[in-house]
1. Within region 178-223, take every residue that is in a loop (DSSP other than H, G, I, E, B) and under 30 Å from TRP37 (Cα atoms) and give me the one that is modelled with the lowest pLDDT.
2. Scanning region 114-171 for residues that are over 23 Å from ASN97 (Cα atoms) and of a type in the set (A, V, I, L, M), which turns out farthest from the chain's Cα centre (by Cα)?
3. I'd like to verify a number: residues in region 56-97 that are touching a Leu at 6+ places or on another chain (Cβ under 8 Å), surrounded by 15 or more Cβ atoms within 10 Å (Cβ to Cβ) and aromatic (Phe, Trp, Tyr), how many?
4. Within region 1-37, can you find the residues that are surrounded by 10 or more Cβ atoms within 10 Å (Cβ to Cβ), hydroxyl-bearing (Ser, Thr, Tyr) and either assigned to a loop (DSSP other than H, G, I, E, B) or modelled with pLDDT under 50 (or both)?
5. Of the residues THR219, THR207, THR194, THR175, only one is more than 19 Å from the chain's Cα centre (by Cα) and over 24 Å from LYS74 (Cβ atoms); which?
6. Can you name the residue in region 74-89 that is assigned to a strand (DSSP E or B) and of a type outside the set (Val, Ile, Thr) and, of all such residues, is farthest from ASN59 (Cα to Cα)?
7. So, in region 65-76, exactly how many residues are on the phi < 0 side of the Ramachandran plot and out of contact with any Pro (no Cβ under 8 Å at 6 or more places or on another chain)?
Amino acid sequence: MTKCFFKKIAIYLMLIPFALQCYASEQLWLTLNSTDWQLSENIKTRSHAEFRFPEAEYNSYFRYSQKLYTKLGKKWTLGTHPTIEGSRSTSSSDYNNTYRIDLELNPAKFKLGSEGPTVAMRNRWEVRWKEGKGSETFNRIRQYTTMTWNLKTPHLKFYRVGNEVFYEVDKSMITMNRFYPIVLGVPFTEKFSTSFYYMYQRKRSGTTDNWSTSHILGTSIKF
């Protein structure tokens, strides 16, 4: 088991440089999630962190949050997540911090047919306070939908596609879109799993009709 585990890690690490060249990736993203802690029958929590690297040894962004989920019957889940995030340019050593409260109301997952994918939807309202902006709040709505196919193979757990839309309430417009054409889940051990993904991001410049694009490779680890 141990030999097979490290063999998998070595294979995926060797694939990273090749993938970077194929997709001309501009960033690498790393997401860390703890296992869920059950606080009561209907309430659970987990810790979450994310780091983004536009360059191999430079971290331009971090985010920490403690996610709290409350089941509202069988069909809905309420999420409340206090969050802090920071970003900086490659020419700066200081982070500009943003403090957030994320509120989610998510329907239960459902399956499309007996052999079809499982559909999940995340509906989030973010209330943000930005460093240097005093008590002014910035509101943003995010809608993320995924379709997941379970794979009956020893090395791949699932294949997933997804799309997330960002709507800035204060600007009354969509300002960003993230499309995930490839998400692959890899089961290393019973308590340790990860997924690898390619994401294509489009981001609006201010309130103009100009959009910038980014190709991003990332991994999400749960332990």
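1. Restricting attention to region 178-223, the residues satisfying the condition of being in a loop (DSSP other than H, G, I, E, B) are 188-192, 205-210, 223.
Going one step further and asking which of them are under 30 Å from TRP37 (Cα atoms), we end up with 188-192, 223.
Values: PHE188: 78, THR189: 79, GLU190: 72, LYS191: 76, PHE192: 83, PHE223: 87.
The residue in question is GLU190.
2. Per the stated criteria, the residue is LEU151.
3. 1
4. Passing the criteria: TYR23, SER25, SER34, THR35.
5. Numbers: THR219 fails: more than 19 Å from the chain's Cα centre (by Cα); THR194 fails: more than 19 Å from the chain's Cα centre (by Cα); THR175 fails: more than 19 Å from the chain's Cα centre (by Cα).
Answer to the check: THR207.
6. Residues of region 74-89 that are assigned to a strand (DSSP E or B), as a first pass: 76-87.
Those left that are additionally of a type outside the set (Val, Ile, Thr): 76, 78-79, 81-82, 85-87.
Values: TRP76: 36, LEU78: 32, GLY79: 28, HIS81: 23, PRO82: 22, GLU85: 12, GLY86: 10, SER87: 9 Å.
Here the residue is TRP76.
7. So the first thing to find is which residues in region 65-76 are on the phi < 0 side of the Ramachandran plot, and the list is 65-72, 74-76.
Within this subset, residues satisfying the condition of being out of contact with any Pro (no Cβ under 8 Å at 6 or more places or on another chain) are 67-72, 74.
Residues that pass the stated criteria total 7.
Residues are listed down the side, and each one gets a yes or a no for (1) of a type in the set (Gly, Ala, Ser); (2) without any contact (Cβ under 8 Å) to a residue 12 or more places away in the chain:
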{"site": "ARG100", "(1), (2)": "no, no"}
{"site": "ALA120", "(1), (2)": "yes, no"}
{"site": "TRP125", "(1), (2)": "no, no"}
{"site": "SER135", "(1), (2)": "yes, yes"}
{"site": "THR153", "(1), (2)": "no, yes"}
{"site": "GLY162", "(1), (2)": "yes, no"}
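The values are calculated or read from the model by the stated rules, or taken from the named source; none is laboratory data. Remember, it's a predicted structure, so these values are computed and weren't measured experimentally. Using ideal geometry, Cβ is built from the backbone for each residue, glycine included, and neighbour counts are taken over all protein chains shown.
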